[in-house]
Amino acid sequence: MTTAIEATGRRKLAAAHAWLTPGTGKITVNGRADDEFFRRAALSMIIRRPLQLVEVDQQVDIAVNVKGGGLAGAAGAVRHAISRALCEYNENFRPLLKKAGFLTRDPRIKERKKPGLRGARARFQFSKR
């Protein structure tokens, strides 16, 4: 592999663009180390799972730009982008990643506010009198 492989992943309102290059296993998110960006160990583990599953976590470097959403949505988008990049890197990884559910785009998004209500489902308090 001579050039970087680019892939896009999304979750909730977050969108991540990942570039995969040969390297030593370093992951940077928006120019910072992944554990510095996500702050919680659980979120860093989420984005490293696809690499550990296909056992290339020490062979590639990944640079990610992520926009929108919160930290959990961003972590899901990064995992989706990394998984898609790994499929382009080696097509044999696809069945493993698909079985683990890393290639499926999570369709859950915020529900829209409805007219006459306080929120998507929340109503104003009801009083009979």
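What the table below lists for this structure:
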| read-out | value |
| --- | --- |
| Between 0 and 90°, nearest 10: helix 71-89 axis offset from the chain longest Cα axis | 40 degrees |
| Loop sites in segment 1-96: GluC sites (Glu not before Pro), DSSP, at most 16 other Cβ within 10 Å | Glu55 |
| Trypsin sites (Lys or Arg not before Pro) restricted to segment 9-43 and DSSP loop, no more than 13 other C-beta within 10 Å | Lys26, Arg39, Arg40 |
| Nearest 10 degrees, 0 to 90: helix 41-53 Cα axis against the chain principal axis | 50 degrees |
| Fraction of alpha-carbon pairs over 12 Å apart in segment 35-84 - percent | 62 percent |
| Difference of contour (0.36 nm per residue) and Cα-Cα distance, Ala100 to Glu55 | 14.8 nm |
| Amide hydrogen neighbours beyond the local backbone of Asn30, cut-off 5 Å, H modeled | Val64, Asn65, Val66 |
| Rh by Kirkwood over Cα pairs, then Stokes-Einstein D for segment 5-100 at 1.002 mPa s and 20 °C, µm²/s | 168 µm²/s |
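Every read-out reported here was derived from the displayed coordinates using simple, explicitly stated rules and does not represent laboratory data. On a predicted model such as this, the values are computed, not experimentally measured, just so you know. Counting neighbours? That spans all protein chains shown, and the Cβs are built from the backbone with ideal geometry, glycine included.
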